[in-house]
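The structure appears right after this line, and notes come after that.
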Amino acid sequence: MSSLAPFKQWVHQRCGLHLEGLAEARLVRAIEALHVELGTQDSHVMLTRLAENDALFDRFVSQLTVNETYFFREPETLHWLVETYLPRRLAEQGGPLRLLSAGCSSGEEPYSVAMALQERYGDRAQTLFTITGGDVDQQVLKKAQAGRYAGMAFRALHPSLKARFFTPVGRSFQLDTTLRQWVTFQPLNLLSTSACHMDGPFDVILFRNVSIYFDEATRRTIQHQLKQLLAPNGILLCGVTETLGNDLGVFSLKEEQGVFYFQADLPMSARSVNELVPVAPQATNAPVASEPAPHAEPLPAEPSHQEEPPPFSAPPSANHDTLQHAHDALNQNRFDDANALLMPLLADDPWSVDALLLAGLVARWQQQPQRAYDYFKRALYVSPECWPAHFYQAELLRQGELPNQPTQRQRGYAAVVRLLDASPLASGGLKVIASPLPPGDACFLAKRYMNEHAVTQGAG
């Protein structure tokens, strides 16, 4: 196998992707496929062909990102955008307003915005707003333009919206033609100067759950590019868990109704994110997943509470590799594959906090919330300091995946804050994998949701 270093450097220079850690496995597979296609293992030859052949490059890049997305991801943000910000901006300056989904992947995000605007404004929506999706991966752009989806893409989409905007076609669903004609898609490399020539400026740029692929220097460069595309007083929306990582001094960070966004028109405040006081969000009617969860299979036998788990047992190297493969499968939405790896591991090592946490996350994305809760509970029995398990248990209650129990939910977030205030970089008892949520973001979000709970309780 050719050295990865020249490919990492070339991809980073070409489109900014930071291919370290688990992303290396995707790079290895992409290089192997390139070797088979070109019939050579010479790195120089392969890189030269990639530079000369745009179609070859597109196929190569398409293998490097997870492209994990779904309809109505982070619905609170979308609800605020459609019900609060955009009506106010329309009143201030009229339409049409321009919206850009930067790093749109296979189109679920811009189409979610389109559905929400159609619900809010009816047929007028298409005269009031233009929606553009852009991505460096032209393979996923083709999927976005086709507008055909299946499976996990619908895990947070309300059944009524699915019935209104999609038509069954075999085992998949075809998006309404009107929406497909309304939303346009363009190739977008945010490290290229050509990005500034898109049909802007844009009143809203969504750059959500994309920055994980870039190092800090690249994120700063991208933000300067986005700043050129943003209209005066326009806003940049990042993913909920990316707020801290994108507060780089390029934009001013603001908060409204519990939603954080960036603007370029105001000078950057010297305050940190944690000094901003979030307010309780307004009641939202944003669609949430409501389809019945599949019948949960029995969990592997839970250890007796009379037994004491070994506090410092290091997992065998074979289990280490299995956990890494399961983690990678989870990141790629291959839930059945992840489950197939985790179940034998848990049968062999029922005390593995890493395996219990991953199994809980898999169950959650398979819409088995009670099964997920039980896995997180077992993780906490083994390792009470496992702050990710505390956080995800509370999230199951907050997001309505399980019947809400305010006291229990508050207790979970409080445990996260207590543990991370004491040790800001704590692993949470995880020995192999890193937490899917960075500790700084988890602490920030837990404090925010605790404040929301306190305000709600006080108002009642």
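Only the coordinates and a few stated rules stand behind these numbers; no lab work does. Given the structure is predicted, the values throughout are model-derived calculations rather than measurements. As a convention, Cβ positions derive from the backbone with ideal geometry for all residues, glycine included, and neighbour counts pool all protein chains shown.
Rounded to the nearest 0.05, the FRET efficiency derived from the C-beta distance between GLN9 and GLN181 at R0 = 41 Å is 0.50. Net charge in the neighbourhood of LEU86 (other residues with Cβ under 14 Å of its Cβ; Lys, Arg +1, Asp, Glu -1) is 0. A straight chain from ARG171 to ALA434 at 0.36 nm per residue would run longer than the Cα-Cα distance by 91.2 nm. Rg then Dmax, both in Å and based on the Cα atoms of the stretch 75-275: 16.6, 55.
The fewest-to-most ranking of GLU52, GLU401, GLU76 by surrounding Cβ atoms within 10 Å reads GLU52, GLU76, GLU401.
For the set LYS254/LYS431; LYS162/LYS431; LYS227/LYS447, the pairs lying more than 32 angstrom apart at their alpha carbons are LYS254/LYS431; LYS162/LYS431.
Taking other Cβ atoms within 10 Å as a rough exposure proxy, MET198, MET46 sort from fewest to most as MET198, MET46. Placing R0 at 22 angstrom, the Cβ-Cβ distance between GLN370 and HIS325 gives a FRET efficiency of 0.25 after rounding to 0.05. As a rough footprinting exposure proxy, the listed residues ILE205, ILE31 were ranked by other beta carbons within 10 Å of their own, and the order from fewest upward is ILE31, ILE205.
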